[in-house]
Amino acid sequence: MDGMPSTPVADRVSNSAAVQPPAGRRRKVFYLVDSLNVGGTETQAVELALRLPVSEYEVTMGCLRAEGPLLEKLRGSAVNVREFHPSGGLDSAAGLYELIKLAGYLRREKFDVVHTHDLWSNLMGVPAARLARVPAIVSSRRDLAHFDWYQGKRRHWLRRIQNLSGVVLANATPIRDALISEDRFAPEKLRVIHNGVDTEKFQRAQRDRARLFPDVGNEMLVVLVGNMHSDVKGHPWLIAAAPTVVREFPEVRFVFAGDGELRPTFAAQVAQLGLESTFKFLGRRSDIPEILASCDLAVLPSRAEGLPNAVLEYMAAGLPTIASRVGGMAELIQDGVTGLLVPAEDANALAGALLQFLRDPEQARQIANDGQRFAVENFSFERLIREIDELYGELLERRRGKH
């Protein structure tokens with residue numbers, strides 16, 4: 001698809017012929033993401049696109065790379081998918097050409113809202129939307145992570161680009177606060193809308209160890225769901241904590257659901273500790289609700305986060321949850337009430353939290369119940385859709401008031 005700007009992905013994702021737009025004009029919304037690979041940001045964008053009411057919204061999902069398992073989830077839906085691939089990189093001549101083509105497409109299609117969801121889509125989508133004079137532009141900052149663009153001079157340019165949007169949307173209050181204190185964004189430019197989770201799906205999932213883990217009997221399963229593209233999800237620290245845990249509780253097994261370039265590195269760390277039989281690497285999975293239902297404890301010891309979907313899913317599934325105190329974790333977990341919080345990159349503290357749950361199953365059960373109740377009451381997709389709808393309406397009304 002290189003060199004083919006504004007490419008419809010009709011051969012892989014098509015609109016459902018059964019979906020007919022009602023009479024009257026719907027809001028036209030253009031979402032832009034880097035790709036449709038499985039990740040927290042991509043999942044939230046796809047769920048939003050699918051769940052915005054068809055009677056009120058016409059949604060197009062733009063991708064810098066129209067690839068990944070989430071592409072299949074859009075098949076047969078009312079969501080159009082189009083690729084805008086800067087084949088030479090965003091800062092190349094081809095990247096500039098693609099940006100201009102995107103601006104032309106946005107203007108030609110008369111979109112009401114452009115919402116960019118990640119770093120790379122911010123850099124390309126916000127300038128294109130401004131060139132196209134789109135009425136409402138929403139950019140996003142969903143973590144305080146490790147990308148080079150978040151450091152040095154490039155961070156300055158990212159700030160300037162995002163200031164072109166009407167709102168910079170964060171998914172956690174600590175991200176908003178950091179953007180004000182460190183990047184000097186005006187407070188009125190920022191908005192916080194927390195992630196949503198399909199709470200019913202995780203509550204309904206059935207425990208089925210015999211099928212998912214046929215070689216596991218009554219062992220305790222500790223699960224970490226996260227990609228392995230880097231160490232940001234904390235895999236090395238959970239591996240380092242394991243010897244302390246299994247010394248006291250040899251029946252504990254650790255389950256990694258997710259994949260990425262560092263999987264061999266993590267497997268080598270496990271082997272170096274002689275714990276190959278204690279760890280299970282499941283790879284990328286589409287049955288996460290069922291996996292969580294079949295596990296006993298859940299961990300996300302990330303080095304950096306926004307508001308992680310994995311923790312929301314753990315809590316919705318009713319698992320006792322341990323997470324590092326970074327990003328928006330404290331907005332999900334009240335330490336000792338709805339979960340346990342530990343310092344990031346601290347294997348000893350992580351081992352201590354796991355042992356606390358393992359030694360006191362009744363406390364673990366009570367914390368799991370309280371965490372599940374909190375997630376269901378505060379982080380549903382219905383709440384997310386309502387808040388996003390209100391934001392788009394506010395921005396469009398603000399624009400109309402200027403004309």
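Listed peptides 33-40, 83-90, 305-312, 387-394 appear in the order 305-312, 33-40, 83-90, 387-394 once ranked by packing, highest mean of other Cβ atoms within 10 Å at the front. Remark: the chain carries a charge dipole of roughly 1640 debye about the Cα centre, counting +1 on each Lys and Arg Cβ and -1 on each Asp and Glu Cβ.
3J(HN,Hα) along the stretch 101-112, derived from phi through the Karplus expression 6.51 cos²θ - 1.76 cosθ + 1.60 where θ = phi - 60°, amounts to 4, 4, 4, x, 5, 4, 5, 4, 8, 6, 6, 8 Hz, with x in place of Gly and Pro. Against the chain, whose longest principal axis comes from its Cα atoms, helix 152-162 is set at around 60 degrees.
A full extension of the chain between ARG386 and ARG285 corresponds to an added length of 33.4 nm, given 0.36 nm per residue minus the alpha carbon distance.
Relative to the longest principal axis of the chain, what angle (0 to 90°, nearest 10) does the C-alpha long axis of helix 361-378 take? So the helix axis and the longest Cα principal axis differ by about 10 degrees.
Calculate, in nm to one decimal, what ASP370 and ARG75 gain on full extension: separation in residues at 0.36 nm each, minus their alpha carbon distance.
Details: separation 295, 0.36 × 295 = 106.20 nm, distance 3.67 nm.
102.5 nm is the gain from fully extending ASP370 to ARG75.
For a straight C-alpha distance cut-off of 30 angstrom, the lysines reachable from LYS153 (same-chain residues fewer than eight places away being disregarded) are LYS101, LYS189, LYS233. Of all the options SER294, SER92, SER77, the one that moves most in a Gaussian network model of the chain with Cα springs shorter than 10 angstrom is SER92.
Could you calculate the FRET efficiency of GLU261 with GLU109 from 1/(1 + (r/R0)^6), where r is the beta carbon distance between them and R0 is 41 Å, rounded to 0.05?
Working: r = 37 Å, r/R0 = 0.90.
Efficiency, rounded to the nearest 0.05: 0.65.
Go ahead and collect, in residue order, the members of the stretch 116-139 whose backbone nitrogen is under 19 Å from a label point 7 Å along the Cα-Cβ direction of ALA94. Counting only backbone N, you get 120-121, 123-125. Comparing ARG383, ARG142, ARG155 in a Gaussian network model of the chain, where Cα atoms under 10 Å apart are tied by springs, the biggest mean-square fluctuation is seen for ARG155. Estimated purely from DSSP H runs of n ≥ 4, each contributing -39500 (n - 2.57), the mean residue ellipticity at 222 nm for the chain is -12500 deg cm²/dmol once divided by its residues. Centre-to-centre, using Cα atoms only, the stretch 164-202 and the stretch 51-130 are separated by 21 Å. To the nearest ten degrees, helix 119-131 and the longest principal axis of the Cα atoms of the chain are 20 degrees apart.
Estimated at 0.36 nm per residue, the fully extended path between GLU331 and LYS153 surpasses their Cα-Cα distance by 61.0 nm. Among PRO361, PRO236, PRO320, the residue with the largest mean-square fluctuation in a Gaussian network model of the chain, with springs joining Cα atoms closer than 10 Å, is PRO361. Extending 7 Å from Cα along the Cβ direction at SER230 and again at ARG65 yields two label points whose distance is 1.5 nm.
Across the chain, Cα pairs under 8 Å and at least six residues apart give a relative contact order of 14 percent.
Within the same chain, aspartates and glutamates fewer than 8 places from LYS110 are excluded, and of the rest, those with a Cα less than 14 Å from its Cα are GLU58. Using the Cβ-Cβ distance between SER277 and ARG25 with R0 set to 51 Å, the FRET efficiency from 1/(1 + (r/R0)^6) comes to roughly 0.25.
Every number here is computed from the coordinates shown, using simple stated rules; none is lab data. Quick caveat, the model's predicted, so the values are computed rather than measured. For neighbour counting, all protein chains shown are included, and Cβ atoms are generated from backbone atoms with ideal geometry for every residue, glycine included.
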